[in-house]
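Visitor: Structure incoming, see below.
Readers should treat all values here as calculations from the given coordinates under stated rules, not as data from a laboratory. These numbers come from a predicted model, not from an experiment. Quick reminder, even Gly has a Cβ in these numbers, built from the backbone with ideal geometry, and neighbours come from all protein chains shown.
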Amino acid sequence: MLMLESGEMYLETIYILSKKQPAVRSVDIAAEMAFSKPAISRAVGKLKQDAYLIVQPDGSILLTEKGAALAEKIYERHTVLTEFLVKIGVGREIAVQDACKLEHAISDESFAALKRYVNSK
């Protein structure tokens, strides 16, 4: 299945939240993304159906190995792209916003080259 940008954003959000707190629930995702609970429920259901996450009996959400791998990839892209934009003179707030858009569109080849460039500076 081809992952849509919105699905990647949900996975990245779950990944980030899971690093900050012991359990992630739909209400946490809704608060972080400023989306409605029904929108989060639909997205979580789709991501669960596609084996990117599991929902525990207590309502906590865990990324599967597949979900965590994709979330880590998107998060790394976000982080590297943000740092690149800051290094070339973009303000941090704008860099974060732009990186969020770019992380979903950049090819693996271009990202690898950009990452090498950022790490060499």
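Visitor: Taking the Cα centroid of region 59-77 and of region 83-121, what is the distance between the two, rounded to the nearest whole Å?
Guide: Taking the Cα centre of region 83-121 as reference, the centre of region 59-77 is 20 Å away.
Visitor: Moving on to the next point. Given that compact globular proteins tend to follow 2.2 N^0.38 Å, what is the ratio of the alpha-carbon Rg of the chain to that value?
Guide: Ratio of Cα Rg to 2.2 N^0.38 Å: 1.12.
Visitor: Could I ask something else about it? In what sequence do Tyr75, Tyr117 fall when counting other Cβ within 10 Å, fewest first?
Guide: Arranged by neighbour count, lowest to highest, Tyr75, Tyr117 become Tyr117, Tyr75.
Visitor: Please name whichever of Leu17, Ala39, Gly7 sits farthest to the positive end of the charge dipole of the chain, dipole taken about the Cα centre and charges placed at Cβ: Lys and Arg +1, Asp and Glu -1.
Guide: Leu17
Visitor: By a straight-distance test (C-alpha under 18 Å), which aspartates and glutamates pair with Lys73 as possible cross-link partners, with residues fewer than eight away in the same chain excluded?
Guide: Partners within reach: Glu5, Glu8, Glu12, Asp50, Glu65, Glu83, Asp98, Glu103, Asp108, Glu109.
Visitor: Now for a different question. Using just the helices of the chain, give the 222 nm mean residue ellipticity in deg cm²/dmol: DSSP H runs with n ≥ 4 each add -39,500 (n - 2.57), and the total is spread over all residues, rounded to 500. Working shown, then result.
Guide: Details: 6 runs with 84 residues, N = 121.
Calculated mean residue ellipticity at 222 nm is -22500 deg cm²/dmol.
Visitor: Kindly express, to the nearest 10 degrees and within the range 0 to 90, the angle between helix 37-49's C-alpha long axis and the longest C-alpha principal axis of the chain.
Guide: On a 0 to 90 degree scale, this one is about 90.
Visitor: Let's see if you can work this out: charge +1 on each Lys and Arg Cβ, -1 on each Asp and Glu Cβ, no other charges. What is the dipole magnitude of region 76-120 about its Cα centre, in debye to the nearest 20?
Guide: Details: 6 positive and 7 negative charges, 27 e Å.
Magnitude of the dipole: close to 120 debye.
Visitor: Taking the C-alpha atoms of region 5-69, how large are the radius of gyration and the largest Cα-Cα span, Dmax, in Å?
Guide: Rg and Dmax of region 5-69, Cα atoms, are 10.3, 28 Å.
Visitor: A further question follows. Determine the dipole magnitude for the chain: charges of +1 sit on the beta-carbon of Lys and Arg, -1 on that of Asp and Glu, nothing else is charged, the reference point is the Cα centre, and the result goes in debye to the nearest 20.
Guide: Details: 16 positive and 16 negative charges, 24 e Å.
The dipole of the chain has a size of about 120 debye.
Visitor: Any chance you could run the full-extension gain for Ile54 through Lys19? It's 0.36 nm times the residue separation minus the Cα-Cα distance, nm to one decimal. If you can, show how the numbers build up before the last one.
Guide: On the way: separation 35, 0.36 × 35 = 12.60 nm, distance 1.68 nm.
Contour length minus the Cα-Cα distance gives 10.9 nm.
Visitor: If you don't mind, there's one more thing I want to ask. Charges only on Cβ, +1 for Lys and Arg, -1 for Asp and Glu: so what's the dipole of region 5-69 about the Cα centre, in debye to the nearest 20?
Guide: Details: 8 positive and 8 negative charges, 34 e Å.
The dipole magnitude comes to about 160 debye.
Visitor: I want to make sure I understand the PRE zone here: with the label point 7 angstrom from the Cα of Thr64 toward its beta carbon, which residues in region 34-52 have backbone N atoms less than 11 Å away?
Guide: In region 34-52, the label zone of Thr64 (backbone N under 11 Å from the point 7 Å along Cα→Cβ) covers 47-52.
Visitor: Past the 29 Å Cα-Cα mark, which pairs from Lys37/Lys87; Lys48/Lys121; Lys46/Lys115; Lys46/Lys121; Lys101/Lys121; Lys66/Lys121? Intermediate values should be presented prior to the final figure.
Guide: On the way: Lys37/Lys87 37 Å; Lys48/Lys121 40 Å; Lys46/Lys115 31 Å; Lys46/Lys121 40 Å; Lys101/Lys121 24 Å; Lys66/Lys121 32 Å.
From the list (Lys37/Lys87; Lys48/Lys121; Lys46/Lys115; Lys46/Lys121; Lys101/Lys121; Lys66/Lys121), the Cα-Cα distance tops 29 Å for Lys37/Lys87; Lys48/Lys121; Lys46/Lys115; Lys46/Lys121; Lys66/Lys121.
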